[in-house]
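Participant: Shown below is the structure under consideration.
Please treat every number below as a calculation from the coordinates, not as lab data. These numbers were taken from a predicted model, which means no experiment stands behind them. As a convention, Cβ positions derive from the backbone with ideal geometry for all residues, glycine included, and neighbour counts pool all protein chains shown.
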Amino acid sequence: MEKRREDHRVKILIVDDKKENLLSLQVILADQGYDFVEAQSGKDALRILLKDQNFAIILMDVQMPLMDGFETSEMIRQSEKLKHVPIIFLTANMNTQDAIFKGYESGAVDYMIKPLHPEILRAKVFVFVELYRKNKELVRKEKEAQLLNHALTEANKELAVQYEEVQRHARDLHIKNSELDAFTYVSSHDLQEPLRKIQTFADMILSEDFESLSERGKVKFQRILYLTDRMRKLLNSLLAFSRASMIERKFERVELGSIVEDLRNALLEEIHERKVKLDVDLPDVATIIPFQFTQLMQNLFSNSLKFSQPDKQLHIVIKSKSVKGTELEIDQLPDDQTYCHIVFEDNGIGFDPQYNEQIFGVFQKLHGRDVYEGTGIGLAIVKKIVESHNGYITAKGELMKGARFDIYIPD
């Protein structure tokens, strides 16, 4: 509690050439949670402000030798960092319109005639201090918002401005920002063209001038082709991530078994080549967007293939059942709803349980690129598709013991 009070203390700069006046101000404003910094001349005040601009308010006497309050205020207002700090003049001689106008013209926000009325002074200082605190809190919240957007700004800085809505809770992430998705889609397409040209010219050099290249040159051109191909895959993944919310949300009642059967037929050669053991038990009919759900299953299947154990037959189990919200005890799912609970699990390399939440992040890769290829977007697409169905997904993993994904789609 003591630390919290310290965090809310603010500094006030008091400027007066008379020591007794400085003491009087501190006595009037005592016990208000303020820290006072004293200056006994205009030059002294400027010197202090050069080192520290973090003041809530400046209380300044007008009549001071060498440099009066008007001159000091004008100098302060010339600083970009200080021009917003409110200044209140304290004087016995601002009793004419010219003097008052000069005070406001030099940058003061208010003035008080001596002798000071303690209650009025405390009230005025309180108003400006509260405004200062609220501005500081606003700056703090804006910085927190920027941190939340950090992952996306790294991927595409142009998207950062439009991603302010990311501050919402996970259950609100299914609300689509159509302008952002459209921008992502167009940007990714525009980036494909220069990549194609780079690949074309690199291929031409390797095919037409291969013999004239040094060994180092050959390696470098092959590296160019590898990196452009990787960039192309990343852009395609970004497009897929964007499409997950751009495609028309047309729900249909579909047998889940038919989705997986179609996927099995499409990947038949790879399943046979890798000798995958696939157990499917999907008796349920769910209300889904067929195209998106096919992509969801394909991404999970590709994830299992990628992270299988090389010395162990890959075993994938996909099953479903209908459950009531009251049976689940999941805070994100209302109790008065019925859900289709889909389980997708494998016996691959798994992952550390501490990454159960982070695994769905955009560009989140838990393994090095030199060991496992990928863009780090596949599971982010899975999560986005589940949310577009107003559903919920969790992940559980254990190193070298496989991974499990639980998907809940409302009926």
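Participant: Counting other C-beta atoms within 10 Å, and keeping those with at most 14, which DSSP coil trypsin sites (Lys or Arg not before Pro) do you find in segment 242-342?
Facilitator: Here the sparse-neighbourhood loop sites are 249, 250, 274, 275, 312.
Participant: Which pairs break 27 Å Cα to Cα here: 114/136; 275/384; 83/136; 51/114?
Facilitator: Violating the 27 Å Cα-Cα cut-off are 114/136; 275/384; 51/114.
Participant: What order do you get for 226, 34 when you list them from fewest to most C-beta neighbours inside 10 Å?
Facilitator: Fewest to most other Cβ atoms nearby, the residues stand as 226, 34.
Participant: Each label point is 7 Å from the Cα along the Cα-to-Cβ direction; what then is the distance between the points at residue 197 and residue 81, in nm?
Facilitator: 4.5
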